[in-house]
Amino acid sequence: MLVEAENLTRYYGSFLAVDGISFSIGRGEVVGLLGPNGAGKTTTIRMLTGFLPASDGTARIAGCDVRENAIEVRRHIGYMPENNPLYPEMRTREYLAFRANLKGVPRRRRRSRIEECIRLCSIEEVAGQIIGTLSKGYRQRVGLADAMLAEPDVLILDEPTIGLDPNQIREVRRLIGNLSERHTVLISTHILAEAEAVCRRVLIIDDGRIVADDTPAALSERLLHGAVTVELKGDPQQIRAELCRLDGVRSVHLADSTGWHTASVTPETGADVREAIFRAAARNGWRLRELTRSRASLEDVFHRITLGRPEAEPAVAAQEN
Amino acid sequence: MVNIPVITRRELSSYFLSPMAYVVLTGFALSHGILFSLGIGSRIEPNMQAYYAFYITLFLLILAAPVLTMRLVSEETNQGTIETLMTTPVTELEVVIGKFMGALVFAAVMFLPIVVQVVYLRFLGPVDVGPVLAGFLGLFLLTGQLLAIGLLCSALTRVQIASAIISFAILIGLYFMWYLGQGSPGMGAAVLRYLSPPWHYVNFAKGVVDTRDVAYFVITTGLFLFLTVRALQLRKWR
Ligand SMILES: Nc1ncnc2c1ncn2[C@@H]1O[C@H](COP(=O)(O)OP(=O)(O)OP(=O)(O)O)[C@@H](O)[C@H]1O
Ligand SMILES: [Mg+2]
């Protein structure tokens, strides 16, 4: 396991921000840390990088304890903090050279590695520009270039697309997607589409606790029963009766429109009733022109899980882009 | 320790990219030059005038040191770059020494007018090399100490101006101890004198190198740098 968190806990004064979080991330995984504002994502990440000491619990990166072996841990991580702090007075290439030096990129590979990262992040045209004058999207890419400079085992990115316009969000996500081919990535976000787009595993954190840990697909599978929509031609009475009798069907709602009937079939949790519906249609000689299963989006899942926290809702709504 | 020059270089380039640095450089050169030429006007002999050049620096440093050091750590905490900095394989000690060296090198550039003045005095008459070298050694030690105090203040607050004001206040206090300790006899006054930087510095300016004075500066500078390292380490716990 490359990243291990065991019962990580953090108090700010008497306020409990992170409440005994445990998880582990294996090599090559791309994991999203998802949660509403104030859930404790940044706090968790800061404890993982060793920037903030945990009040309780331990974190290990590549087998090294972040407290006892802080320097060694830092050799394994490429970290882009929230808000991507940079030195505004420096030029892009000069900044990357400084960072490569600090991170101990071997001298003979330094120059070529810097140029490689500049190319990978498409910041060639601003390589000589003063960072303070860059647009936010470019600054974000400079931060990403910095995070990947020393070819770290783990990339930890705290809200890398915050404050970007949709085009730049797509660009940065594509970049992260490329990174995930070679690195283990932990990315925090409260944008659900982002986690769905780039992560193969999602940890949902709310109120300092992990409330779900699974693939985006499995999460929606597990938590919401995907309703099936069928469009049929046949006797509505019979259709309703037959569909209701199928195994695993909880309820059927039938709407009639110009000869075609649209049935919404709600199955029992976890059941996939598409095949049964198809067989029933064949058996009864109905004509069938659509059979789809609506997969719950991560958004729905997130909403459900963090429901009961009224302040979580606007955060979710605001991020629908 | 390999990271010290990396940090020092960045600090230096950052100094020379900020307008504040040029204000300090010209401010120092102008005020030092004016005070120096006032002394020339009274036609004292070159060796006395050299002493005078070091003596006036003592006071200009009270203003210059806090301004030079205020941004060193405060700016990093304020902008959040402390987080990117302290998550690279660099130790707090390397960061503190690197930044300290950066400020010290910048101060050396600031002192160039003094070198010019001493060379100029050589044309007016004979200047003893020994006292001048002693003066520069004292200047180096004093500057190190004052910068270490400023650096500590910078590590204690994220507001640059607050950092400058606190270190200015501390420096004024330290100088004031010198005045308090000078007139009166007795143990208390002696202790006050002994703890104040100017009391040791003027010995160097006069051309006297005493190991006790050297030790005073080395120990206090080390102490303030150590406290700065501790402040950086303890920052996490706040
Ligand atoms: N330095 C601090 N002092 C006191 N409380 C803090 C501090 N930092 C964070 N908190 C609190 O801890 C909780 C978790 O904060 P954290 O920054 O980890 O959330 P987050 O999930 O990253 O949120 P966001 O999506 O807004 O970035 C919040 O309630 C926050 O107010
Ligand atoms: Mg955050």
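The values are calculated or read from the model by the stated rules, or taken from the named source; none is laboratory data. All of these numbers come straight from a predicted model, not from anything done at the bench. Every residue, glycine as well, gets a Cβ built from its backbone with ideal geometry; the counts of neighbours run over all protein chains shown. Please note that ligands, DNA and RNA were not included when accessible areas were found on the heavy atoms of the full protein model with its side chains. Shrake-Rupley method; radii C 1.70, N 1.55, O 1.52, S 1.80 Å.
Quick notes on this structure:
- By accessible area with a 1.4 Å probe, ligands and nucleic acids excluded, highest first: order of B:MET187, B:MET48, B:MET177: B:MET187, B:MET48, B:MET177
- In Å², nearest 10: area of B:ASP213 left accessible to a 1.4 Å probe: 10 Å²
- Only helical runs count toward this figure. For the protein assembly as shown, summing -39,500 (n - 2.57) over DSSP H runs of n ≥ 4 and dividing by all residues gives -18000 deg cm²/dmol at 222 nm.
- Shielded residues, region B:68-84 - accessible-area loss of 40 Å² or more between chain alone and all protein chains, probe 1.4 Å: B:GLN79, B:THR81, B:GLU83, B:THR84
- Couplings 3J(HN,Hα) of region A:22-32, computed from phi: 10, 6, 9, 10, x, 4, x, 7, 10, 10, x Hz, in residue order, whole Hz [Karplus 6.51 cos²θ - 1.76 cosθ + 1.60, θ = phi - 60°; x for Gly and Pro].
- Across chain A, the mean sequence separation of Cα contacts (distance under 8 Å, 6 or more residues apart), normalised by length, yields a relative contact order of 19 percent.
- Computed on protein heavy atoms with a 1.4 Å probe, the accessible areas place A:GLU29, B:GLU83 in the order A:GLU29, B:GLU83, largest first.
- FRET efficiency, 1/(1 + (r/R0)^6) with R0 51 Å, evaluated for A:PHE15 and B:LEU195 via beta carbons: 0.75
- Cβ-placed point charges (K, R +1; D, E -1), dipole of the protein assembly as shown about Cα centre in debye, nearest 20: 1100 debye
- Summed over both chains, the area buried between A and B is near 2500 Å², taken from the accessible surface of protein heavy atoms with a 1.4 Å probe.
- Rounded accessible area of B:GLU11 (nearest 10 Å², 1.4 Å probe): 0 Å²
- Accessible surface calculations at 1.4 Å, restricted to protein heavy atoms, place the protein assembly as shown at 44 Å² per residue.
- Peptide-level mean, for A:81-92, of C-beta atoms on other protein chains within 10 Å: 4
- Just the protein heavy atoms count here, and of the accessible area of region A:162-205 at 1.4 Å, carbon and sulfur take up 48 percent.
- A:ARG91 contributes about 110 Å² of solvent-accessible surface, heavy atoms of the protein only, 1.4 Å probe.
- Inter-probe distance in nm under a simple model that places probes 7 Å from Cα toward Cβ, at B:SER18 and A:GLU125: 3.3 nm
- Evaluated with a Cβ-only charge set (Lys, Arg +1; Asp, Glu -1), region B:1-125 carries a dipole of roughly 440 debye about its Cα centre, given to the nearest 20.
- Using the Cβ-Cβ distance between B:VAL129 and B:LEU63 with R0 = 35 Å, the FRET efficiency computed as 1/(1 + (r/R0)^6) comes to roughly 0.75.
- Taking a Cβ cut-off of under 9 Å around A:ASN284, the surrounding Lys, Arg, Asp and Glu residues balance to a net charge of -1, with basic ones at +1 and acidic ones at -1.
- Averaged over peptide B:86-94, the number of partner chain Cβ atoms lying within 10 Å of each residue's Cβ comes to 6.
- Cβ-placed point charges (K, R +1; D, E -1), dipole of region B:81-238 about Cα centre in debye, nearest 20: 300 debye
- Kyte-Doolittle at least -0.5, axis length at least 24 Å by Cα - qualifying DSSP helices, chain B: B:19-41, B:46-69, B:92-110, B:129-156, B:160-183, B:211-234
- Net charge over other residues, Cβ less than 12 angstrom from the Cβ of B:VAL229 (K, R count +1; D, E count -1): +1
- Modelled label reach - B:ARG230, point 7 Å along Cα→Cβ, region B:142-186 residues with backbone N closer than 17 Å: B:148-157
- The mean sequence distance of close C-alpha pairs (under 8 Å, at least 6 residues apart), as a share of the length of chain B, puts its relative contact order at 27 percent.
- Computed over neighbours whose Cβ is under 14 Å from that of B:PHE54, the net charge equals -1, Lys and Arg +1, Asp and Glu -1.
- Taking a straight Cα-Cα cut-off under 15 Å and skipping sequence neighbours fewer than 8 places away in the same chain, the aspartates and glutamates within cross-link reach of A:LYS233 are A:GLU242, A:ASP256, A:GLU290.
- A:GLN129 long-range amide H proximity, modeled H, under 5 Å: A:THR92, A:ARG93
- Amide proton proximity set for B:LEU17, modelled H, under 5 Å, gap of 5+: none
- If you sort A:GLU159, A:GLU124 by accessible surface, 1.4 Å probe, largest first, the order is A:GLU124, A:GLU159.
- Here A:ALA193 and B:THR26 are evaluated by their C-beta separation; at R0 = 56 Å the FRET efficiency comes out at 0.55.
- For region A:36-141: rounded, prolate or oblate by the Cα gyration tensor [a/c cutoff 1.5]: oblate
- A dipole drawn for the protein assembly as shown from +1 and -1 charges on Cβ atoms has a positive end, and of A:ILE169, B:SER196, B:PHE111 the residue lying farthest that way is B:PHE111.
- Nearby lysines by direct alpha-carbon distance to B:LYS99 (threshold 22 angstrom, same-chain neighbours under 8 apart not counted): A:LYS103, B:LYS236
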